[in-house]
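> This is the structure I have questions about; it appears just below.
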Amino acid sequence: GLERVIMLLEEQGRLMRLKAGLDAFLVTAGPGMGRAAFGLLQRLRRCGVAADMDWLGRSTRAQMKQADRASARWVVLLGEDEVRRGVLLLRDMASGEQRELPPHDVVEFLRRSRAAGGRTGPEAASGGEGQ
């Protein structure tokens, strides 16, 4: 169906790429994480965060490549262990820095990061030094 068409268009380089890039790309690791990712995606978009996720059930590695191609500033990893512990892994794609935050804090962090220009470090996004 539609997934095949999207895959073919991506392989042929015919899908439009976002010039400014995404604020965040959600990566799922493990079965059943798609529903949680979709809920988080909706929350992020309602807060004005330019976010997307994989819609084709790709591997974690392929999703990370997709995030890179989309010029995502941040990756939010939803893994089974993290979700079970009530945290998400937030990765800065520029520096490789990673941190675990509760889902609400991830939403607030990305909202503030976008408000601060989207391409700033964690200090500017949190409004102060460190976090």
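> When both residues are 6+ apart or on different chains and their Cβ atoms are under 8 Å apart, which pairs have a first residue that lies in segment 51-63 and is touching a residue at least 12 places away in the same chain (Cβ under 8 Å), and a second that is open to solvent by 40 Å² or more (accessible area, probe 1.4 Å) and among the charged types (D, E, K, R)?
So the pair list comes out as Ala51/Arg45; Trp55/Glu3; Leu56/Glu3.
> Next question, about the same structure. Quick one: which strands (runs of 3 or more DSSP E) lie wholly within segment 62-113 and hold at least 2 residues that are under 21 Å from Arg35 (Cβ atoms) and among the aliphatic types (A, V, I, L, M)? Full working, then the answer.
Working: elements: 74-79, 88-92, 98-101.
Of the strands (runs of 3 or more DSSP E) lying wholly inside segment 62-113, those with at least 2 residues that are under 21 Å from Arg35 (Cβ atoms) and among the aliphatic types (A, V, I, L, M) span 74-79, 88-92.
> If you don't mind, another one. Restricting the search to segment 18-48, which residues are over 10 Å from the mean Cα position of the chain (by Cα), among the hydrophobic types (A, V, I, L, M, F, W, C) and under 15 Å from Val107 (Cβ atoms)? Break it down stepwise before answering.
We begin by selecting, within segment 18-48, every residue over 10 Å from the mean Cα position of the chain (by Cα); these are 18-21, 29-36, 38-39, 42-43, 45-48.
Checking the rest, the ones that are also among the hydrophobic types (A, V, I, L, M, F, W, C) come to 18, 20, 29, 33, 36, 38, 47.
The answer is Ala36, Phe38, Cys47.
> Give the residues of segment 31-47 that are open to solvent by 40 Å² or more (accessible area, probe 1.4 Å) and not basic (Lys, Arg), sorted by residue number. Explain how you work it out, then say what you get.
Going through segment 31-47, the residues open to solvent by 40 Å² or more (accessible area, probe 1.4 Å) turn out to be 31-32, 35-36, 38, 42-43, 45-47.
Answer for segment 31-47, where residues must be open to solvent by 40 Å² or more (accessible area, probe 1.4 Å) and not basic (Lys, Arg): Pro31, Gly32, Ala36, Phe38, Gln42, Cys47.
> Related question: Can you say whether Ala70 is at pLDDT below 95 and open to solvent by less than 40 Å² (accessible area, probe 1.4 Å), as far as the supplied structure shows? Talk me through it step by step, then tell me what you get.
Details: at pLDDT below 95: yes; open to solvent by less than 40 Å² (accessible area, probe 1.4 Å): yes.
The answer is yes for Ala70.
The values are calculated or read from the model by the stated rules, or taken from the named source; none is laboratory data. These numbers come from a predicted model, not from an experiment. Glycine gets a Cβ as well: all are built from the backbone with ideal geometry, and neighbour counts include every protein chain shown. Calculation scope for accessible area: heavy atoms of the full protein, side chains included, ligands and nucleic acids excluded. Shrake-Rupley method; radii C 1.70, N 1.55, O 1.52, S 1.80 Å.
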